[in-house]
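Step one of this worksheet: look at the structure below.
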Amino acid sequence: MLSGAERWRFVAEMVGITAVVASLIAVAIELRQTQSAIVANTYQARAYEAIDRNWQVAESQVVGPIMDKVRADPSTIDALTDDERWRLRAVYRGMRIDADNEYYQYLQGFLDDEYFESALKPRIARQARLWRSFGIDERRPSFKKFVDEQLANAGPQ
């Protein structure tokens, strides 16, 4: 049998343990909510960036037509002027940086699988040939390997 003091100590310990468990559950829920908020903010930032980039290209009297020409026939790269080549190289360097950033975000758990499979992979398969044709390479080895896989999966163009 427990004495009165031992019973109170036992009750106090049980209350303390319950409080610790409850606080750990609360922390886990908060971390899950924070992760969801980070994913949502990442998605929103990507959307704003894409909208801004598309507006810039749409408003450009120079870059848009050059991109259309090269997308329609990549062999026209050789016929570009130095200025056109410089401008387009800057655009494709930005695309490579953006794609590398999104791949890194995916690896860190900030991009969902649906976006990764349906948007990022196909976009990289389309754009990588063009950025590589301008001598733009992937600096991070893991991203380079991923790009090589996407190009191999896409087949010859």
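Translational diffusion of the chain was estimated from the Stokes-Einstein equation, with Rh taken as the Kirkwood radius over Cα pairs; at 10 °C and 1.306 mPa s the coefficient is 82 µm²/s.
Potential lengthening of the chain between Ala45 and Asp82 amounts to 10.0 nm, from the contour at 0.36 nm per residue minus the alpha-carbon distance. Using R0 = 41 Å, the C-beta based FRET efficiency linking Arg53 and Ile29 works out to 0.65. With 0.36 nm allotted per residue and the present C-alpha distance subtracted, the Ser3-Glu117 stretch has 34.6 nm of extension available.
For Cα pairs less than 8 Å apart in space and 6+ apart in sequence, what is the mean separation divided by the residue count of the chain, i.e. the relative contact order in percent? Numbers along the way, then the final one.
Values: 62 pairs, mean separation 29.1, N = 157.
The normalised contact order for the chain reaches 19 percent.
What are the aspartates and glutamates whose alpha-carbon lies under 12 Å from the alpha-carbon of Lys144, with same-chain residues fewer than 8 places away excluded? Output for Lys144: Asp100.
Modelled label positions at Arg93 and Met14, each set 7 Å beyond Cα in the direction of Cβ, lie 6.9 nm from each other.
Each reported figure results from applying straightforward, stated rules to the coordinates on display, with no laboratory input. In this text the structure is predicted, and so the values were computed from the model without any measurement. In this analysis, Cβ positions are derived from the backbone assuming ideal geometry, glycine residues included, and neighbour counts consider all displayed protein chains.
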